[in-house]
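Structure first, commentary second.
The values are calculated or read from the model by the stated rules, or taken from the named source; none is laboratory data. For clarity, every value in this text was computed on a predicted model and none was experimentally measured. Neighbour counts are summed over all protein chains in view; Cβ atoms, including those assigned to glycine, are modelled from backbone coordinates with ideal geometry.
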Amino acid sequence: MAGILDLLAANLGGQNMGQLANAIGADQNKTQTAVAAALPAILAAMNRNTNNTQGAQSLANALQRDHDGSLLDNLGGFLSGAMGGSKATDGAGILGHILGGQANTVEQGVAQASGLDKGQVAKLLMTLAPIVMAALAKRQRQSNLDSTGLSGILGAESQRARQAAPEGILGHLSGFLDQDGDGSIQDDLIAQAGRAALGKLFGR
């Protein structure tokens, strides 16, 4: 069964990456790099938010109430701006719940990693947030995950995303990603499957 990172990589490659770049007014190569930096940050924040019972249950409730994964079935429409007006596509609202007061830190880190300006990165994050929620909702429904299961999946996928990112791309986000203070944003074992998933974004 495809993981969250696999779903994201499969849906954000090719033409959709081009649409995403157009939507934020950026070069496609820089947009690819920004996505590779942003996804680990978003997943890390979601993982932290579900490290307690209340946070995990809150996310489970939001997925059940507002997200069914169908956004991935019409991602081109979403990226072109043809979809809107629902909580499932409210990027600003979703991002506010995910990042809270740390949005500026993530924007700055992704901007430095990719060469995009902060305005473009802000648009990118607001576009990616509903897509990540859709992928998580699809995975939740496929496996009938409860709040504990969601927390476990996010922990594993957050780790995969960090390990899969191209070498050096997360340096500007190391402080955000390593908030446990152990000085390392990667485990000893390299997630080869994660590297393969993110490699799709770069045509590898």
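Apart from one condition, Pro130 fits all of (1) surrounded by fewer than 17 Cβ atoms within 10 Å (Cβ to Cβ); (2) in a helix (DSSP H, G or I); the exception is (1). Assuming Thr105 fulfils every condition listed in (1) under 21 Å from Ser158 (Cβ atoms); (2) without any contact (Cβ under 8 Å) to a residue 24 or more places away in the chain apart from one, which condition is it? Status for Thr105: all satisfied but (2).
Within segment 151-162, can one find any residue that is assigned to a helix (DSSP H, G or I), aliphatic (A, V, I, L, M), out of contact with any helix residue (DSSP H, G or I) (no Cβ under 7 Å at 6 or more places or on another chain) and at pLDDT 90 or above?
Just the residues of segment 151-162 that are assigned to a helix (DSSP H, G or I), to begin with: 151-162.
Add one more test, that the residue is aliphatic (A, V, I, L, M), and what stays is 153-154, 156, 161.
In the following step, the residues that additionally are out of contact with any helix residue (DSSP H, G or I) (no Cβ under 7 Å at 6 or more places or on another chain) were identified as 156.
Filter once more, keeping what is at pLDDT 90 or above: 156.
Yes, there is a match, as at least one residue in segment 151-162 is assigned to a helix (DSSP H, G or I), aliphatic (A, V, I, L, M), out of contact with any helix residue (DSSP H, G or I) (no Cβ under 7 Å at 6 or more places or on another chain) and at pLDDT 90 or above.
Of the residues making up segment 146-177, those that are free of Cβ contacts under 8 Å to residues at least 40 places away in the same chain and buried (at least 19 other Cβ atoms within 10 Å of the Cβ) number 2.
For segment 44-58, name all the residues that are assigned to a helix (DSSP H, G or I) and either more than 19 Å from Leu7 (Cα to Cα) or free of Cβ contacts under 8 Å to residues at least 60 places away in the same chain (or both).
Step one: of segment 44-58, the residues assigned to a helix (DSSP H, G or I) are 44-49, 53-58.
Matches in segment 44-58: Arg48, Asn49, Thr53, Gln54, Gly55, Ala56, Gln57, Ser58.
Being modelled with pLDDT of 90 or more, of a type in the set (D, E, K, R) and in contact with a helix residue (DSSP H, G or I) (Cβ under 7 Å, 6 or more places away or on another chain) is a property that Lys87 lacks. Within segment 47-68, can you find the residues that are surrounded by 17 or more Cβ atoms within 10 Å (Cβ to Cβ) and among the acidic types (Asp, Glu)? Of everything in segment 47-68, just one residue is surrounded by 17 or more Cβ atoms within 10 Å (Cβ to Cβ) and among the acidic types (Asp, Glu), namely Asp66. Checked against the criteria, Arg65 counts as closer than 17 Å to Lys138 by Cβ, of a type in the set (Lys, Arg) and assigned to a helix (DSSP H, G or I). Within segment 163-178, if we keep just the residues that are in contact with a helix residue (DSSP H, G or I) (Cβ under 7 Å, 6 or more places away or on another chain) and not in a helix (DSSP H, G or I), the residue that is nearest to Gln64 (Cα to Cα) turns out to be Ala165. Regarding Ala26, is this residue part of a helix (DSSP H, G or I) and buried (at least 17 other Cβ atoms within 10 Å of the Cβ)? When the stated conditions are applied, Ala26 does not pass them.
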